[in-house]
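What follows is a single structure, written as structure tokens, with notes after it.
Read the figures in this text as sums done on the coordinates, not as results from a lab. In this text, all values refer to a predicted model and were calculated from it rather than measured experimentally. Here Cβ is always computed from backbone atoms with ideal geometry, including for glycine, and neighbour counts include all displayed protein chains.
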Amino acid sequence: MNDFTMDTCVYIDWDDYDRKFVYHEVGATCTNPDFSGATYGGTVTDLASTPIIYSFLREGIYTVQIVAEDGGGSREDVSNTFPVSYEDCGSPTTYIRFARRYFYLADTFQRSKYIRLSGFANINCPANLANTKSWSLNRVDEATGEDLTAVDISGLTTNKAELYIPTRFLLLGFYKYSI
């Protein structure tokens, strides 16, 4: 937004009923047909120097679209989808079933058997129940519990609630897994 010209028009569609705004300098001609009837929100200078504050009229999933155009035919647009809820929407908390807090109390597994790890997420925003897990696995020092090396698990499915580690996949040793 720092390199706009005097004929730049910035359009914002809040996806909240028909709430659309246009920002432009005095004298700029803004004629994007997708934003006909948009409310004048101020100058592009104001938009570039102050945060935009908008209050949605109801809960839901919204896709906000921002389009910037200038008289020379240049155009840039970006959109973002997110939930709006009256509930407290904090970061989700995750935990691993049967996890151990201290490495020296860890479970032992036979290399000849597969290992199944289960992770759970507590989603603190009821408007957005979609979630993806991401597992990581590190080899740790047997004496101190400090991470030694990350284990390459890219060949495993690591974006689900359960992580299956095939037989003989890991070398003998201590490992720390996290979600």
Estimated dipole of segment 93-178 in Debye, rounded to 20 [Cβ of Lys and Arg +1, of Asp and Glu -1, Cα centre]
340 debye
Ratio of Rg to Rh for segment 93-178, alpha carbon only, Kirkwood?
0.99
Any chance you could get the radius of gyration and Dmax over the Cα atoms of the chain, in Å?
25.4, 75
Sum of -39500 (n - 2.57) over DSSP H runs of 4+, divided by residues of the chain (222 nm, nearest 500):
-1000 deg cm²/dmol
Restricting to lysine pairs 8 or more places apart or on different chains, what number in the chain have Cα atoms under 21 Å apart?
5
Lys, Arg +1 and Asp, Glu -1 on Cβ, resulting dipole of the chain about Cα centre, debye, nearest 20:
1640 debye
Dividing the alpha-carbon radius of gyration of segment 9-84 by 2.2 N^0.38 Å (N being the number of residues), what value is obtained?
1.10
Which residue, F56, F82, F98, has the most motion in a Gaussian network model of the chain that connects Cα atoms within less than 10 Å?
F98
Of the residues T29, T50, W135, the Cα lying farthest along the dipole of the chain towards its positive end, which is defined by charges on the beta carbon of Lys, Arg, Asp and Glu, belongs to W135
Rounded to the nearest 20 debye, what is the charge dipole size of segment 9-84 about its Cα centre when +1 sits on each Lys and Arg Cβ and -1 on each Asp and Glu Cβ?
140 debye
